[in-house]
There are 4 protein chains.
Amino acid sequence: MTYFCMNPTLVVLIFSLVLATPSFSSGADPQMQKWQSGKGWGWVWGKDDEVGSLNEMTDASRLAALRLATQGRVYDLGVLYDRTSYKWPGHSPGEILSFRTPEGVKRQQDLPALINNNSSKTAWHSCALFINDNVATQIDGLGHATEGADDHWYNGFKEEDWGGNWGPRKCDASTIPPIVARGVMVDVASFKGVDALPSHSVIGVEDLEGALRKQNTELRLGDVVLIRTGTLRFWGESGNDTEGLIAKHDSAGINLETARWLVEQKGAMLIGSDTSGLEYGPRPEDTTAYRAKYKSFMPVHNYLLIQQGVHIGEFHNLEGLSKDKIYEFCYLCSANKIKGTAAGFALKPIAIK
Amino acid sequence: MTYFCMNPTLVVLIFSLVLATPSFSSGADPQMQKWQSGKGWGWVWGKDDEVGSLNEMTDASRLAALRLATQGRVYDLGVLYDRTSYKWPGHSPGEILSFRTPEGVKRQQDLPALINNNSSKTAWHSCALFINDNVATQIDGLGHATEGADDHWYNGFKEEDWGGNWGPRKCDASTIPPIVARGVMVDVASFKGVDALPSHSVIGVEDLEGALRKQNTELRLGDVVLIRTGTLRFWGESGNDTEGLIAKHDSAGINLETARWLVEQKGAMLIGSDTSGLEYGPRPEDTTAYRAKYKSFMPVHNYLLIQQGVHIGEFHNLEGLSKDKIYEFCYLCSANKIKGTAAGFALKPIAIK
Amino acid sequence: MTYFCMNPTLVVLIFSLVLATPSFSSGADPQMQKWQSGKGWGWVWGKDDEVGSLNEMTDASRLAALRLATQGRVYDLGVLYDRTSYKWPGHSPGEILSFRTPEGVKRQQDLPALINNNSSKTAWHSCALFINDNVATQIDGLGHATEGADDHWYNGFKEEDWGGNWGPRKCDASTIPPIVARGVMVDVASFKGVDALPSHSVIGVEDLEGALRKQNTELRLGDVVLIRTGTLRFWGESGNDTEGLIAKHDSAGINLETARWLVEQKGAMLIGSDTSGLEYGPRPEDTTAYRAKYKSFMPVHNYLLIQQGVHIGEFHNLEGLSKDKIYEFCYLCSANKIKGTAAGFALKPIAIK
Amino acid sequence: MTYFCMNPTLVVLIFSLVLATPSFSSGADPQMQKWQSGKGWGWVWGKDDEVGSLNEMTDASRLAALRLATQGRVYDLGVLYDRTSYKWPGHSPGEILSFRTPEGVKRQQDLPALINNNSSKTAWHSCALFINDNVATQIDGLGHATEGADDHWYNGFKEEDWGGNWGPRKCDASTIPPIVARGVMVDVASFKGVDALPSHSVIGVEDLEGALRKQNTELRLGDVVLIRTGTLRFWGESGNDTEGLIAKHDSAGINLETARWLVEQKGAMLIGSDTSGLEYGPRPEDTTAYRAKYKSFMPVHNYLLIQQGVHIGEFHNLEGLSKDKIYEFCYLCSANKIKGTAAGFALKPIAIK
């Protein structure tokens, strides 16, 4: 047996190199810039800010998040959209229409210069879409929700100043930065022992705490928190909800108290779920009392988007993560870059483990 | 001075832990599954395959790519799209239209149940878009280009079998997997010492080799290769090309020979640039000869998309990378998930360093 | 008292002038150009024809029709379309979207040259529509229906020759000439003594004969025949069929035998009704036998549009005519002039009495 | 030879019967209900009125107009619209997209119940349109133009009360009644001896008077007055203005003084022309002075639509009437019936002689 000897300084150096990055992924929270315990954020990023809590991301926080990926396994959190996909009925319908097709290009004869002198008979497919910006997997921009007689949104931008004909001119979805952050999936459906939470289920703080305890995960400041109701197990290929199961379970969600806890106590930087709107929807018979109490038909949206500057993730498909019991990962999402849109839509965020 | 001695097995163990991942990022090429030198790929992934060369991605290759990010700095490679954005004139125009606005929701009075009993006067913005699937920053799906009397695309899918009314039913953009790979930016404009390559510039193999040599970067199998012409320095806020500068420089690009070298010699898994179509466009007076030689008005598309199954990246904004002289990075792109679309559009791919 | 005497020749002359036109409206059928009893029309107008039976209109026939208007009273036969209007579910949905609004024009600040130097604060409304060409009150163009392995329509135009990307390139709705003809409303619902014909009612020849007899109207060659089922009494403001009454009654209509009688025996130049498709729709349990017998899911469309070249009128509102017992009138319709559309849509045909 | 004698009362009676209708077409003006010489109309029809001067139409006036048709000859005043048609650049672009095609219906396999059991292989064409409501041949609704800090339109309807998300909720184009009226074409281009009036030509009162004198036509109260500049001789098949000729001549039109003369002195019920906007557009160098004088970039629109309640006809094709020297006719137009649209668009009005 031979021994191998090295200078201890070298050993330290090697270990430093090795551990420099994992140090972020093993517990230490990155320093928050503006978040305050018991308060969260709010309009704290300057009067021109359109980004909100996502301003907390730094190179260091992103690097730490990337280091959570230890296997390179990717989970696609997006759901497939087509003309039949379930959506909240207040949004416009959509069609993906063939604009050019190989046969059509040749028959239409509107581009003779392309079609002639083309011995390979080359042509192409392209589509023209009519589509709403609140469909399939989304991240709501901070200009999505408004409140008050002055119809203001996050950071006090008002309709009379920043409205227009082509979507809000402040805090549209194109201002959402690429999101690279620690993601945590809180599997409430599994915690409750159900395939999917029943209609009109309120997800309370105790449900999140219980689920986190069960799955042995802790929330950290700056997390992307994704809450699983199980609703998307009914999405099928493209969300054609012929049996009404998506609509049925879609009303399960967090209430305002839970949202406040996540932001003010836990510093969640983005909160999402596998439903169309994240938040609890009351039964018809409970609606009047609910509105009287919360003053809004979507108080969690008012709180997160307008008051706190916290983006909302919707219709994130958490089924794969649940099946594999993956609760902590690197969350990556990069919304499409279309000026005026109120939300990033038909997205394909990913979780990397 | 004291020495520190350890069992060599332990040392090997430590080094194995340390180097397990970095081994990919420090030189060793991941094993390719199907690529062959001098041949590239082709229809080698089975008769049902819709993914092409992106099948080469593995957990290991993704993890290696992620490890290229050593600082957590993000470069947004997407360009902002709006109604005025430059696009190839053969594509349909677009509008982002306010569907609901705070004032409109209240005035229209079509949703009394929402608007009444709403003391916070909550409302919302949402948009309906009419948009082409070949705008702004794109990744062309393998169903985009077709050739032959049978109008087939990648893997032999034919229009008469897999066409339809709502885009191609095979190899639409929703089949593009999330892309996590080593990205290399080849700064041809800087190599040539110009702000942007002149109109109708052919980028040859020697240009790529020269630029790579100058910037001290090597290509590896499975790379996402992004070639900079400088065209997007003229994008401005949203590509409203009032002075024609985008259109002018947009005709610079690679030719078929360069594409073949990248795929067959270098194993490029995805090839992109900062123009609308990646490939060289001839001058009007050269067009007839060009078509006679290459048999197509877009031979690089035919070769990459149809024959090789290699996706194309378009209008990737490489200005930030060029400015910071970043040539190697982790490339991340996750195309929107809309059935039938021929390309991922208005994307926001990112490079992480 | 004085008498006034005139030459009888002069009197005859005066009466001739007076009566010259009414002669058309009082019984004499205009000479048909191509119609044959027992056969109707067919592809008899030359190989390039896109107009079909409407070729029968002449200056004389139009003048005769105009002379049926003896009071100047106008009946609007169109129904109001909006985003909620009932339509056959196989058609695309629609939205009428504000493109420019007074506030939006001013806030968007994209047209400073217009908005500045504008002391009256002038602005405007305009809309962008996403709309199907088979909605509300329609006239089906002869390119709407196709049959055969070669997908041909009226006059043998085939998809491989005359298809394209933007609607049929032959017999689109823009080829429908302005229609000025004698209109006859056959009030089958009144004849049957019902508000509206029950679901899946077949309107047979005997029903038309009975109704015509009851209302003391005769059909003449070249008529526009409009058949009332009563379905549009459920249209309400804009056809938002929340109770399903339109859908329910919409399946009442003529069968192939009735269509043949109208064309081959009576020379009807255009046939319409107050339903979405004119023709009888069988009950689910009768569908298989129906299809086996007629070889098509819409045999009246095949017969009229493809084989006879007779246009079809749909969702013509006949409630006002029925209420006032107006059975003969001047029918006027001038379809919108949009290249490629398969039907004139959201029309406002009128009956003048 | 015998004489025929009759009681003069009887003669009068006969003549009355004979002439009852022609009396309108031979000189006697129908009684106007609200028009006042020197004042025109204005907001005189009651606070809920959305119809304006078209309220003047009566059964008698329509019957008189119909009697102007003495031959049954029809002139199609509409121009064909497609994706390439010239329009004012401030309007949204358009596409007519194949929604269903025979091949697509069969390949898409989304409607198996229709396609199976269909031995005739029946299918269909339908289109989905994205289209602006201010294209091709139009009649501007009274809600199109707005003015004032309160953004009001005709009859004082204000945006804050009657705006919404889907077009104006008062005076949209669906409120335009079917128009049946005496039409007069004033051929200013012929009067001036030119093919088409030069760019930026002002059509003054003296031009109309001169043209009317030359063509021996008189204006009467309640007329539809159509003014020919000759611009539409450049429309070609579908207005693809590749040489800029439509744009060039489109700036010829009437000024405010001419509009006032037509309404206040002549009682014109609707005023139209063969340009996109009826009114004179100044040269760039004259624009500032023009705006300072008239306080609006479209003073004729302000005056006619907002202040007088007189609809405007645009892009009416008068070439056929000019060629045949037809100056007086029955004008018929029935705008599409789409709630919220600001104008009737892509219309096919007709002149019957």
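Remarks
- Of all residues in region B:131-148 being closer than 24 Å to C:GLY94 by Cβ and in a loop (DSSP other than H, G, I, E, B), the one that is nearest to the other protein chains (Cβ to nearest Cβ): B:ASP133
- Extreme residue, nearest to D:TRP88 (Cα to Cα), among residues of region D:280-334 that are among the charged types (D, E, K, R) and in contact with a Leu (Cβ under 8 Å, 6 or more places away or on another chain): D:GLU314
- Here D:ALA128 does not qualify as farther than 20 Å from B:ASN132 by Cα, within 7 Å of chain C (Cβ to nearest Cβ) and among the hydrophobic types (A, V, I, L, M, F, W, C).
- Of everything listed in (1) at the interface with another protein chain (Cβ under 7 Å from one of its Cβ atoms); (2) touching a helix residue (DSSP H, G or I) at 6+ places or on another chain (Cβ under 6 Å), the single unmet condition for B:TYR86 is (1).
- Residue identified as crowded, with 24+ Cβ neighbours inside 10 Å and not charged (D, E, K, R) among D:GLY156, D:GLY141: D:GLY141
- B:ILE306 being over 21 Å from A:TYR75 (Cα atoms), facing chain A (nearest Cβ under 9 Å) and either within 13 Å of the chain's Cα centre (by Cα) or part of a helix (DSSP H, G or I) (or both): yes
Here's the yes/no breakdown for (1) of a type in the set (D, E, K, R); (2) touching a residue at least 40 places away in the same chain (Cβ under 8 Å):
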position: B:ALA136; (1), (2): no, yes
position: B:LEU142; (1), (2): no, yes
position: B:THR146; (1), (2): no, yes
position: B:TYR154; (1), (2): no, yes
position: B:GLU209; (1), (2): yes, no
position: B:LEU226; (1), (2): no, yes
position: B:ARG233; (1), (2): yes, yes
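Here's the yes/no breakdown for (1) more than 26 Å from A:GLN308 (Cβ to Cβ); (2) at pLDDT 80 or above:
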position	(1), (2)
A:MET1	yes, no
A:VAL12	yes, no
A:PHE15	yes, no
A:PRO30	no, no
A:ASP48	no, yes
A:ALA65	no, yes
A:GLU103	yes, yes
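- In region D:309-326, the residues that are outside any strand (DSSP E or B) and either among the β-branched types (Val, Ile, Thr) or touching an Asp or Glu at 6+ places or on another chain (Cβ under 7 Å) (or both): D:VAL310, D:PHE315, D:HIS316, D:ASN317, D:LEU318, D:SER322, D:ILE326
- Here is the figure for region C:282-299: residues that are within 11 Å of chain D (Cβ to nearest Cβ) and part of a helix (DSSP H, G or I) total 10.
- Tally, over region C:159-174, of residues that are closer than 30 Å to D:CYS171 by Cβ and crowded, with 24+ Cβ neighbours inside 10 Å: 1
- The one condition from (1) modelled with pLDDT under 95; (2) over 30 Å from B:GLU237 (Cα atoms); (3) more than 7 Å from chain A (Cβ to nearest Cβ) that B:ARG107 does not meet is (1).
- Breaking point among (1) within 12 Å of another protein chain (Cβ to nearest Cβ); (2) surrounded by 18 or more Cβ atoms within 10 Å (Cβ to Cβ); (3) part of a loop (DSSP other than H, G, I, E, B), for A:SER251: (1)
- Condition met for B:ALA342 (within 13 Å of chain A (Cβ to nearest Cβ), more than 23 Å from B:PRO198 (Cα to Cα), of a type outside the set (Ser, Thr, Tyr) and in contact with a Ser or Thr (Cβ under 6 Å, 6 or more places away or on another chain)): yes
- Filter pass, C:VAL180 being more than 8 Å from every other protein chain (Cβ to nearest Cβ) and at pLDDT 95 or above: no
- Region A:27-64 - residue that is within 8 Å of another protein chain (Cβ to nearest Cβ) and not basic (Lys, Arg) and, of those, farthest from A:ALA346 (Cα to Cα): A:ALA60
- Qualifying residue in region C:70-77 (condition: more than 7 Å from every other protein chain (Cβ to nearest Cβ) and either surrounded by fewer than 22 Cβ atoms within 10 Å (Cβ to Cβ) or at pLDDT below 95 (or both)): yes
- Scanning region D:55-85 for residues that are assigned to a helix (DSSP H, G or I) and in contact with a Leu (Cβ under 7 Å, 6 or more places away or on another chain) yields a total of 1.
- Qualifying residue in region D:198-208 (condition: modelled with pLDDT of 95 or more, under 30 Å from D:ALA69 (Cα atoms) and in a strand (DSSP E or B)): yes
- Scope region D:149-174; condition under 19 Å from A:GLY163 (Cα atoms) and part of a loop (DSSP other than H, G, I, E, B); matching residues: D:ALA149, D:ASP150, D:ASP151, D:GLY163, D:GLY164, D:ASN165, D:TRP166, D:GLY167, D:PRO168
- So D:PHE345, is it at negative phi, among the aromatic types (Phe, Trp, Tyr) and without any contact (Cβ under 8 Å) to a residue 60 or more places away in the chain: no
- Counting the residues of region B:259-281 that are surrounded by fewer than 18 Cβ atoms within 10 Å (Cβ to Cβ) and in a loop (DSSP other than H, G, I, E, B) gives 0.
- Test: residue in region A:170-177 that is under 30 Å from A:ALA60 (Cα atoms), in contact (Cβ under 8 Å) with a residue 24 or more places away in the chain and within 14 Å of chain C (Cβ to nearest Cβ): yes
- Single residue of region D:157-167 satisfying the filter (farther than 27 Å from C:ASN134 by Cα and over 23 Å from the mean Cα position of the chain (by Cα)) that is farthest from the other protein chains (Cβ to nearest Cβ): D:LYS158
- Some residue of region D:328-339 being more than 15 Å from the chain's Cα centre (by Cα), more than 11 Å from chain C (Cβ to nearest Cβ) and either surrounded by fewer than 24 Cβ atoms within 10 Å (Cβ to Cβ) or without any contact (Cβ under 8 Å) to a residue 24 or more places away in the chain (or both): yes
The values are calculated or read from the model by the stated rules, or taken from the named source; none is laboratory data. Remember, it's a predicted structure, so these values are computed and weren't measured experimentally. As a convention, Cβ positions derive from the backbone with ideal geometry for all residues, glycine included, and neighbour counts pool all protein chains shown.
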